[in-house]
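For reference, the structure is listed below as structure tokens.
The values are calculated or read from the model by the stated rules, or taken from the named source; none is laboratory data. Note that the structure is predicted; figures quoted are calculated from it, not measured. Note that each Cβ is placed from the backbone with ideal geometry, even for glycine, and that neighbours are counted across all protein chains shown.
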Amino acid sequence: MGGHDMRALYHQDAIDSQFNPVKFLLFLRQDDVLKIDSERVTFNKNDYLVKEKDYSEYIYFIEEGVVTVESDERVIDFKATSEIIGFQDLMNFNNTNFSYKVFSKNLIAHKFRKIEVIDKVLNTQEGYLYHYHCINREMQELQVKEVLLRKNSIERIKSALIYLLKKFEKENQKSIINEFIELPITIDLLAQYVEMNHVTLYRKLKEMKNQEILYTKKQKIYIDIIALQSSLS
């Protein structure tokens, strides 16, 4: 990731301390102004919460789990614990832009009707600010993939792993093994995300294994985050 892109993400991190999805969820649940209802729902692996180009009247806040964000059958991003599904299409009920497919064993989320969220967002100053900053965050995360694809193969993989470890930070807290962090997606799914054939990806992962940055076991990747960061500096 270039210097400008990294500065943008760090700036966004500072904004997120004030305007983040968790605080937005608390805002939506406030009863004092425009109370709206939500439903706690559960999905299984490979279920679609939203399908591209379909009608969608809900957004979802992930309590636990991981989904792929797909467009034209390409994996363009991921959503994980404490993130919002469908916010990019908040104002769009028909012909949605993305599909959201559960990758984890299951997913627990809180479902809100878009029309009620829009009403609260547009009729409160606080809601407008949350909407602005969440949309900005969504756009920056979608641009990460574009930046990755301009890198050579080894830098693309390393930068993707750094991004995904941050993305899956809450999931990572449950899967630290001897200082190695288990990436909660498979090698096959990583290959789809970085748009690299399996032969090249496995060869580059083997090089990183020889450098003691990571190791693989079956379809899983276990990463030494300090070694990974040092290899990019």
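Of note:
- Qualifying position, being in contact with a helix residue (DSSP H, G or I) (Cβ under 6 Å, 6 or more places away or on another chain), of a type in the set (D, E, K, R) and touching a residue at least 60 places away in the same chain (Cβ under 8 Å), among Lys120, Lys105, Lys111: Lys120
- Thr96 being within 20 Å of Phe168 (Cα to Cα) and either out of contact with any Gly (no Cβ under 6 Å at 6 or more places or on another chain) or assigned to a helix (DSSP H, G or I) (or both): no
- Val22 touching a residue at least 40 places away in the same chain (Cβ under 8 Å) and either crowded, with 22+ Cβ neighbours inside 10 Å or over 24 Å from Ala160 (Cα atoms) (or both): yes
- Search result, residues across region 16-31 that are modelled with pLDDT under 80 and not in a loop (DSSP other than H, G, I, E, B): Asp16
- The sole residue among Gln229, Gln192 that is modelled with pLDDT of 95 or more, of a type in the set (S, T, N, Q) and closer than 19 Å to Asn152 by Cα is Gln192.
- Failed criterion for Ile118 (all others in (1) more than 18 Å from Asp77 (Cβ to Cβ); (2) surrounded by 19 or more Cβ atoms within 10 Å (Cβ to Cβ); (3) assigned by TED's automatic domain parsing to the domain that holds Leu26; (4) β-branched (Val, Ile, Thr) hold): (2)
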